[in-house]
Every structure is written in structure tokens, then in C-alpha cells.
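The values are calculated or read from the model by the stated rules, or taken from the named source; none is laboratory data. Note that the structure is predicted; figures quoted are calculated from it, not measured. Cβ: placed from backbone, ideal geometry, glycine included. Neighbour counts: every protein chain shown.
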Amino acid sequence: MTPAAIAADSGRATDGAAATADRAVQARGLVKRYPGGVTAVDGIDLDIAPDTLFALLGPNGAGKTTTVSILTTLTPPTEGSATVAGCDVVGDPGAVRSRIGVTFQETVLDDDLTGRQALDFHGRLYGVARAERRRRISELLELVELEEAADRRVKTYSGGMKRRLELARGLVTRPQVLFLDEPTLGVDPQNRVAIIDHVLQLRREQGLTVILTTHYLDEAERAADRVAIIDRGRIVVEDTSAALIAAMGADTLYVRGSGDVAAFRASLAGLDWVQKSATSGDDGLVQLGVDSGDRRLVEVIRRAADAGFDVAEVSVAKPTLGDVFLRHTGRRLRDR
């Protein structure tokens, strides 16, 4: 579909959304197979309500980016169906594109353009009228705090500034659904916070639906209404951050050592005060969700000794989304 056709189609945006007003994004049985027998997405179902910030978490190769590529019409599914803002990603991809904004993992800005020109070019490509482009660009430059750098070439921007410019570019067309694929990857901590704050402000002011993929669990825990963890192409758990963390238990015990990890974990299985347990890779770390870390510590160490697991280090902490991730994938998200 040409940019002009996309622009003409954008007038029907509310019609498609009205048809599925209770779902900004819906997917059923999404599968993506590549030649050579690689299955990147393996039967994913999604139901994302409007005005929701939905975080999709997973280790590298889990299927996050492929799922986003399907939902943004860049990659056709092998099986299954999906709608975004009420429009079918396969049957009406042009209508989907007119209703979404996308920020990709890799920076895709033209370094020879100024920040203002980059936004203007994107608006022209999608048929946004000149007066509306100017008004919108002015608003967005203020939102992402790039007014003073707007007329500098992008090549002079820092990594954080480029990320903020890409966020602004994804919003030029006033999308109903915004896809942010690792929007803070490689950005310093201060700019990471600023970018997520901008996204949260958009949620509050515009009722925007946001699908966020990130390796930074603190971002998801702070910002997301709902979190889904994807591993090996499948959604393994989905809920609010608070509910997922609560299910881990009141405290998390970290027991690091060497020996028979399997026997140690088996000795804890079935105990009513152990909510969850997991093992992290080959580093000898066993994670336990328990009702009271201080009260159960001696019993855990005793059971480790009886099972032939030599304890080198023990710590107690309140559970986090990182603990949830380890519990459901057997890996920590920083294991990349």
C-alpha cells in the first residue's frame, strides 16, 4: 500500500477499533516457522485491552521480536491470526500500519537529517497535512525534550537523544497502538528513566496502548499494567506484576553452592512453606520462594546438607519480577 493510500485509509481508524473495542491487540494460535525447522513463535494467544501498557519479557531468541514483527505486519505468521486496533494483520496490513507506531531495536534514523526534518519526513510519508505536521512535531519535540536540538543533525545526537527522537517519530501519526521493541537498549540509566517516563505520560494524556519489550525488568515492574513472559516461542505466564510477584511467596531465599542440586530441590518439594523453587543455569544458584526467609533459613541449610549440596552463600530478599522470570524460564534475564 502506498503512503497516500495509507493516509486515505487512516480516516477509517475508529471504525476498525469500534468493532473490537475491548481488545487493542488480539492473537490466536500465532506460529512462525523458518526454513530449517526453526520455530520462533509457537502458538501464542494475546488479549490486550485498550489503554494498557503490556510488557513482553523473554531471553534472547524467545520469540519477542518475531511476535512484534507479526503484529506490526513486517512478518507474516505461518499459522494463526491477529488483529491490531480491530484490523487483521494479514488481511488488511495497510490499515494496521495506519493505526500503529513502532520503535525498533536498532536505530533507523538518517544521520544527515535534523531531528525536525526526520519527524517531518515521516509525517509527509504518511500523508499528515502540513499544518498538522508542524503542530504535532512541535508538541512531540517538547514532550521528548529535544526542542533545543531539533535543528541539529541527528549524527550529533547522543544515544539517548536518538532513542527519544525515535519515540517521537513513532507518535507523529497519532497511533492507537505503540510498539516499543527494546526502546532503552544501550541507553544510560538516566535516559532510560526519562524514556519510560515519556511513555507513561503518553499513557496518561492520550490513552495510548503500548506493547513494550525490554531486558530491563525494573522498567516492566514500574510501568506495565500486565506482564507476559515468553520462552521458546510460548507465553509461559501472564498477569500483573504485583500478582506474579505475590505468587513467589513473602521472601526469596538464594542458596548458592555445589553438589546434588536436584536432590536438594527434591527435598524441598511438597513443603507447604515453599511456594516456588528454581535453578539458575550451571552457577549453583537455587532460588526459593518461602513464607518467611529468616524463619526457614536453618531448615533449608539442613536439608541442603542432607541432600549432598554444599552451601557456600545464602541471602534473603523480597521477591522481584526477576525472581518470577527465573522461576518460569530457569534463567535470569541478564543471561544473554
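Of GLU147, GLU166, all but one fail to be buried (at least 16 other Cβ atoms within 10 Å of the Cβ) and of a type outside the set (A, V, I, L, M, F, W, C); the exception is GLU166. Candidates GLY207, GLY159, GLY170: the one that is at positive phi, of a type outside the set (D, E, K, R) and within 25 Å of the chain's Cα centre (by Cα) is GLY207. The condition of being in a loop (DSSP other than H, G, I, E, B), at pLDDT below 95, surrounded by fewer than 23 Cβ atoms within 10 Å (Cβ to Cβ) and in the same structural domain as ARG133 (by TED's automatic domain parsing) holds for only one of ASP9, ASP22, ASP15, that being ASP22. Looking only at residues of the stretch 69-91 that are part of a loop (DSSP other than H, G, I, E, B) and without any contact (Cβ under 8 Å) to a residue 12 or more places away in the chain, we find that the one that is surrounded by the most Cβ atoms within 10 Å (Cβ to Cβ) is LEU74.
Restricting attention to the stretch 252-268, does a residue exist that is within 30 Å of ILE195 (Cβ to Cβ), of a type outside the set (Gly, Ala, Ser) and in contact (Cβ under 8 Å) with a residue 24 or more places away in the chain? Yes; the residues of the stretch 252-268 include at least one that is within 30 Å of ILE195 (Cβ to Cβ), of a type outside the set (Gly, Ala, Ser) and in contact (Cβ under 8 Å) with a residue 24 or more places away in the chain.
Please tell me if VAL89 is within 26 Å of the chain's Cα centre (by Cα) and aliphatic (A, V, I, L, M). Yes: the conditions hold for VAL89. Taking the criterion of being touching a residue at least 40 places away in the same chain (Cβ under 8 Å) and in a loop (DSSP other than H, G, I, E, B), the residues of the stretch 57-68 that qualify are GLY58, PRO59, ASN60, ALA62, GLY63.
Within the stretch 240-292, the set of residues being of a type in the set (Asp, Glu) and either surrounded by fewer than 17 Cβ atoms within 10 Å (Cβ to Cβ) or in a loop (DSSP other than H, G, I, E, B) (or both) comprises ASP260, ASP272, ASP282, ASP283, ASP291. Note on the stretch 127-222: enclosed helices (runs of 4 or more DSSP H) holding 1 or more residues that are under 22 Å from SER69 (Cβ atoms), modelled with pLDDT under 95 and in contact with a His (Cβ under 6 Å, 6 or more places away or on another chain) are 159-171.
Among the residues of the stretch 225-239, those identified as surrounded by fewer than 22 Cβ atoms within 10 Å (Cβ to Cβ) and part of a loop (DSSP other than H, G, I, E, B) are ASP225, ARG232.
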